[in-house]
Amino acid sequence: MRLPFVTDDGMGKRAALGLVVLPADETLETEMRGFLPENDVALYHSRIEMPPEVTTETLAGMAAALPAAVAMLPESRLDVIGYGCTSGATVIGSEGVRDRVQQVHPEAEVTDPISATLAACRALSVRRLGFVTPYVESVSAAMRALLVQNGLEIAAFASFEEGDDRVVARISPASILAAIEEVARQAECDAVFVSCTNLRVAGIAAEAERRISRPVISSNLALGWHMRALAGLPMGVVPGISLFSREQ
């Protein structure tokens with residue numbers, strides 16, 4: 001017996017989003033789902049080839065691999081695609097990321113953690129930034145330079161100086177919270193930015209903001225917020241975090 005059926009708009013009736021994730025990333029997908037709790041908002045993941053060692057050379061190598069990773073997302077229309085690597089977007093450039101993503105999905109809006117962070121700083125009127133990274137110096141320096149080129153002042157900086165992304169995924173939230181507080185103590189700043197999609201910030205962000213009395217922006221918070229904004233989704237879905245209480 002052949003059963004009758006009808007079709008509907010599928011999982012992404014309100015919005016369909018794609019996310020390209022690094023192989024060693026254990027954090028981004030789980031945190032991103034918390035930023036997109038609606039049942040009618042679909043989130044699809046793909047993984048991109050990348051060695052676990054984070055260097056300018058391995059990051060640059062992702063440029064060639066990006067179209068193939070995007071091609072592993074659903075063929076149906078996607079409203080927004082996020083490339084989930086802050087340091088990779090810094091090395092490749094946000095325009096380079098966008099061009100490679102739109103080779104495969106020309107209809108999609110495109111973002112990445114560094115361009116999302118710049119948009120978040122504009123939304124929060126941030127000029128002086130405290131900056132926390134897990135990266136080795138060559139990667140951190142490139143990111144600091146990019147932020148400064150876009151009109152931000154790095155008021156304070158600290159890094160875990162860890163080159164293996166598998167280790168970065170296991171840095172404890174308590175260590176990250178302590179790092180945020182330490183950077184906020186170093187100098188007056190408008191917000192603290194915690195870079196890297198593999199650092200677990202979402203669960204401590206509200207407490208960190210309470211302790212330092214200013215906004216906390218992470219790669220994942222900024223990316224989730226910006227993807228929602230580009231998809232035309234309302235904010236207010238993550239209570240207690242400054243970024244999600246502001247409209248784009």
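No value in this document is a laboratory result; all are computed from the given coordinates. In this text the structure is predicted, and so the values were computed from the model without any measurement. Backbone-built Cβ (ideal geometry, glycine too); neighbour counts: all protein chains shown.
Here are some notes:
- Scattering from region 115-218 was approximated by placing one identical point on each alpha carbon and applying the Debye formula without solvent; log10 I(q)/I(0) at 0.10 1/Å stands at -0.23.
- For the chain, average projected area of the Cα convex hull in nm²: 13.9
- Centre separation in Å (Cα based) which lies between region 67-121 and region 140-196: 23
- If the chain linking ARG77 and ARG128 were pulled fully straight, counting 0.36 nm for each residue of separation and taking away their Cα-Cα distance, it would gain 14.5 nm.
- Counting neighbouring beta carbons within 10 Å and listing from fewest to most, the residues LEU73, LEU3 come out as LEU3, LEU73.
- Added length on full extension, which subtracts the Cα-Cα distance from 0.36 nm per residue, ASN150 to GLU29: 40.8 nm
- In order along region 146-154, the phi-based Karplus estimate (6.51 cos²θ - 1.76 cosθ + 1.60, θ = phi - 60°) of 3J(HN,Hα) comes to 5, 5, 5, 4, 9, x, 9, 9, 8 Hz; Gly and Pro are listed as x.
- Across region 115-218, Cα pairs under 8 Å and at least six residues apart give a relative contact order of 33 percent.
- Helical runs assigned H by DSSP (4 residues or longer) give the chain a calculated mean residue ellipticity at 222 nm of -12500 deg cm²/dmol, each run adding -39500 (n - 2.57) before division by the residue total.
- For the pair VAL167 and GLN103 in one chain, pulling the backbone fully straight at 0.36 nm per residue adds 19.7 nm over the alpha carbon distance.
- The fraction of all Cα pairs in region 125-186 landing in successive 5 Å bins from 0 to the largest distance is 4, 18, 25, 24, 19, 9, 2, given as whole percents.
- When TYR44, TYR83 are sorted by how many other C-beta atoms sit within 10 angstrom of their C-beta, beginning with the fewest, the order is TYR44, TYR83.
- Under the criterion of Cα pairs below 8 Å and six or more residues apart, the relative contact order for the chain equals 21 percent.
- Neighbours of LEU230, meaning other residues whose beta-carbon lies under 11 angstrom from its beta-carbon, give a summed charge of -1 when Lys and Arg score +1 and Asp and Glu score -1.
- Charged-residue dipole, Cβ positions (Lys, Arg, Asp, Glu), region 1-98 about Cα centre, Debye nearest 20: 340
- Here the chain carries DSSP beta bridges of which approximately 5% are antiparallel, counting only pairs with both residues inside.
- Across region 52-141, Cα pairs under 8 Å and at least six residues apart give a relative contact order of 35 percent.
- Taken about its Cα centre, the chain carries a charge dipole of about 500 debye when Lys and Arg each add +1 at the Cβ and Asp and Glu each add -1 at the Cβ.
- Taken about its Cα centre, region 115-218 carries a charge dipole of roughly 280 debye when the Cβ of each Lys and Arg holds +1 and the Cβ of each Asp and Glu holds -1.
- Cβ-based charge dipole, the chain, positive-most Cα from SER172, PHE244, SER46: PHE244
- Size descriptor, Kirkwood hydrodynamic radius, that averages inverse alpha-carbon separations across region 26-77, Å: 13.0
- Charge tally around ILE81: other residues with Cβ under 15 Å, Lys/Arg +1 each, Asp/Glu -1 each, net -3.
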